[in-house]
Amino acid sequence: MKKLLLFMSDPSNDMDEDLTVLGQLGLVHITPFQPAKDDSIDRVQNRIEQLQEAISILDNVEGEAAGSSVQVNDYSSIERGEIALLDKVLETNNSNLDLQKEIENLNKDQQWYANWGSISLDDIKLINQKGIYLSLYEMPEKDIKIIQSKQNVKVVSIMNGIARVVLITDEEDAVLNYQKIDFPKLSKQEVEQSITDKTSALAEGKQILKELSTQKGLLIDALSERERRLKVRTVQYAGITFHEKVRCWEGFIPVDKVKDVTEVADQNGWGYVVKEPRADEYDQVPTLLENPKWSHKIKPVMGFMGLVPGYDEIDVSKVFLIFFTFFTGILVGDAGYGLIFFGLTLFAHWKSGFVKKIEFGLFYTLSVSVMIWGVLTGTYFGAETIANIPFLKQLQVQQLASFGGDNLKIQQFMFLIGAIHLTIGHMQKAWKYINTVLVIAQVGWIAIVWGLYFLVSQMVLSIPGPDFMVWLFAGGALLVALFSSPGHPIIKGILSSLGNLPLNVINGFSDVISYIRLYAVGLSTVLMASSFNDMAIGDGITTVASGVGAVLVLILGHGLNMILAAMAVLVHGVRLNMLEYAGHASVEFSGSEYNPFKLKNK
């Protein structure tokens, strides 16, 4: 990356044209000098929110049944028609919402008349004028006995355990200690007529929205334009102005794109300074990863976890993808589950119209990995009977088999994977420092890692280590001590390295042993699948009810097991790459992604 200082003339505080050219170039990663604040930004943001709301409204009405025919304007032929269309959509929708609320309230009044009968509100008012007051109440049916002694309380109806009673008194403030029910404001006839009128108006409003939805493209184009304006305004006011005549931005551009940027700058009369970023600025420099297409599949995982290597850190995405795929196969480890995952991915891909998305490629790859490991270990829905089918049994690696395999060898294989994984991390770090003596220190760490592998195998699995294991530790420690701190005085550097060495070795020991989680989680997946099989059909299926129960247990049990296996992939598959491997490669994922200011070329 190269650091860029870019200058543009700012005589009128309106730089839309120049910044549009810069955005269409789409190469400059802007680092703001200050938060972008201006009234124009607020106005554009408000308009974007309104447009998004209007588009969402029209999305929801598309496909609704047509009502009475209504005529709407052709807003594409009107000046600022997109704003007029926006206002019409929002106004009509708000009116429809108000009508829906009013109809709901009228329905409650209609239900009141259904509960209390066809009461004349005029008669009630006339009675009140004579000094007699009627109050309506609802009470539990069991409480009727309490008020039966009162001559001025009459039961109107009883329904679903609720009694409706009326209190008749000459005292306006007299009450009962129960829920009082208010009289409606409209008569029964007025309620019914109002429901009819408002329902008709609501139907017309919905039809208006349906007709307006045919012009939704106008709003979509307007939204795209406002989003462009927002990007331009945000970049504009993130720069700083000198004497209200020149505005300046700081940013970064890829080394191989410097010429493209400077040529456009020269053509448009912009000033610029291009230079190397200083070492103390590396935390500001965005990271642009250039990898082969096959490794792009890991982007969704790293993006989901927010993993971006720093500018001066190693790119671990290729190794991350390879081992994440391998770990997924081991952690799930069931060919039947892999086939289901593959089928679900294929179905989702088909529903999307087979669009090209990295996510689909990743899920296909992981599903195949699960199927391959399941075939090698003879695991098919945790059923040993299927694993013993002659054709499938021939495809097994007997020592790795889930049923009848050598658990000791499987665990040793997991530690071996860990040692290889960590070794690759140190090899990548050595390549980074290929022209320095730090390479020798990484050779020492590789020796220590393999010494730890043999030590872990001996302590955990009781597999005797080779005679040269001690020399791996001794030689590795010597190389680390001598060559880890070449910039310091020799004695001080050696003492510093030796002081940190014991803790680093202990951490390395725990890192190697951490790979046993692959075996443990994979085994638990197999055992859970086998247990659900036993629960479902262990005693045989003798009745229809037992058959239905068995099917439910199998579907729910294996469904739960697949969900837990998928969670294990996220937890353990990512962790071994993100912590153990990345730690040995000295990658802290402290970077920010290269995100250039980019506008659509319209």
Inter-residue pairs, beta-carbon under 7 Å, first closer than 18 Å to M1 by Cα and in region 263-276, second loosely packed, with under 12 Cβ neighbours inside 10 Å and modelled with pLDDT of 90 or more, 6+ apart
none
Qualifying residues in region 567-593 (those that are farther than 18 Å from R517 by Cα, crowded, with 19+ Cβ neighbours inside 10 Å and not aliphatic (A, V, I, L, M)) - the one farthest from the chain's Cα centre (by Cα)
H584
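Results for (1) over 24 Å from P309 (Cα atoms); (2) more than 38 Å from the chain's Cα centre (by Cα), shown as yes or no for each residue.
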| residue | (1), (2) |
| --- | --- |
| A383 | yes, no |
| A401 | yes, no |
| A441 | no, yes |
| I446 | no, no |
| G451 | yes, yes |
| M459 | yes, yes |
| S462 | yes, yes |
| F473 | yes, yes |
For region 403-424, how many residues meet the condition of being in contact with a helix residue (DSSP H, G or I) (Cβ under 7 Å, 6 or more places away or on another chain) and either among the acidic types (D, E) or not in a helix (DSSP H, G or I) (or both)?
3
Count - residues of region 203-236 that are under 15 Å from V72 (Cβ atoms) and β-branched (V, I, T):
2
Do we find that L219 is among the hydrophobic types (A, V, I, L, M, F, W, C), part of a helix (DSSP H, G or I), in contact (Cβ under 8 Å) with a residue 40 or more places away in the chain and surrounded by 14 or more Cβ atoms within 10 Å (Cβ to Cβ) in this structure?
yes
Take the residues of region 450-484 that are outside any helix (DSSP H, G or I) and without any contact (Cβ under 8 Å) to a residue 40 or more places away in the chain: which is nearest to Y433 (Cα to Cα)?
F468
When restricted to D59, D98, D123, the only residue more than 25 Å from V235 (Cα to Cα), at pLDDT 95 or above and either part of a helix (DSSP H, G or I) or touching a His at 6+ places or on another chain (Cβ under 6 Å) (or both) is D98
Output for region 583-600, where each listed residue is aliphatic (A, V, I, L, M) and out of contact with any helix residue (DSSP H, G or I) (no Cβ under 7 Å at 6 or more places or on another chain):
V587
Kindly list the number of the only condition in (1) of a type in the set (S, T, N, Q); (2) over 22 Å from K88 (Cβ atoms); (3) surrounded by 12 or more Cβ atoms within 10 Å (Cβ to Cβ) that fails for N177.
(3)
Considering only residues of region 1-59 that are of a type in the set (K, R) and under 19 Å from E225 (Cα atoms), which is nearest to the chain's Cα centre (by Cα)?
R47
By my count, helices (runs of 4 or more DSSP H) wholly in region 301-402 with at least 1 residues that are touching a helix residue (DSSP H, G or I) at 6+ places or on another chain (Cβ under 6 Å) and open to solvent by 20 Å² or more (accessible area, probe 1.4 Å) are 317-332, 335-351, 358-377
Taking E53 and the conditions (1) acidic (D, E); (2) out of contact with any Ser or Thr (no Cβ under 9 Å at 6 or more places or on another chain); (3) at pLDDT below 90, which numbered condition does it fall short on, given that it satisfies the others?
(3)
Restricting the first residue to region 13-41 and requiring it to be in contact (Cβ under 8 Å) with a residue 24 or more places away in the chain and farther than 21 Å from G591 by Cα, which pairs with a second residue that is of a type in the set (V, I, T) and open to solvent by 20 Å² or more (accessible area, probe 1.4 Å) meet a Cβ separation below 6 Å and a spacing of at least six or different chains?
L25/V264; A36/T234
From the list L564, L556, L560, pick out the single residue that is closer than 30 Å to F381 by Cα, out of contact with any Cys (no Cβ under 6 Å at 6 or more places or on another chain), open to solvent by 90 Å² or more (accessible area, probe 1.4 Å) and free of Cβ contacts under 8 Å to residues at least 40 places away in the same chain.
L556
Subset of region 21-50 (residues that are open to solvent by less than 60 Å² (accessible area, probe 1.4 Å) and either at pLDDT below 90 or part of a strand (DSSP E or B) (or both))
H29, I30, T31, A36, D38, S40
Flagged in region 280-290 as open to solvent by 30 Å² or more (accessible area, probe 1.4 Å) and in contact (Cβ under 8 Å) with a residue 12 or more places away in the chain, in numbering order, are Y282, D283, Q284, L288, L289
For region 113-156, how many residues meet the condition of being in contact (Cβ under 8 Å) with a residue 40 or more places away in the chain, in contact with a helix residue (DSSP H, G or I) (Cβ under 8 Å, 6 or more places away or on another chain) and open to solvent by less than 30 Å² (accessible area, probe 1.4 Å)?
3
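The values are calculated or read from the model by the stated rules, or taken from the named source; none is laboratory data. No experiment lies behind these values; they were computed from the predicted model shown. Because the Cβ atoms are built from the backbone with ideal geometry, glycine has one as well, and the counts that use them run over all protein chains shown. Note: areas computed on protein heavy atoms with side chains; ligands, DNA, RNA excluded. Shrake-Rupley method; radii C 1.70, N 1.55, O 1.52, S 1.80 Å.
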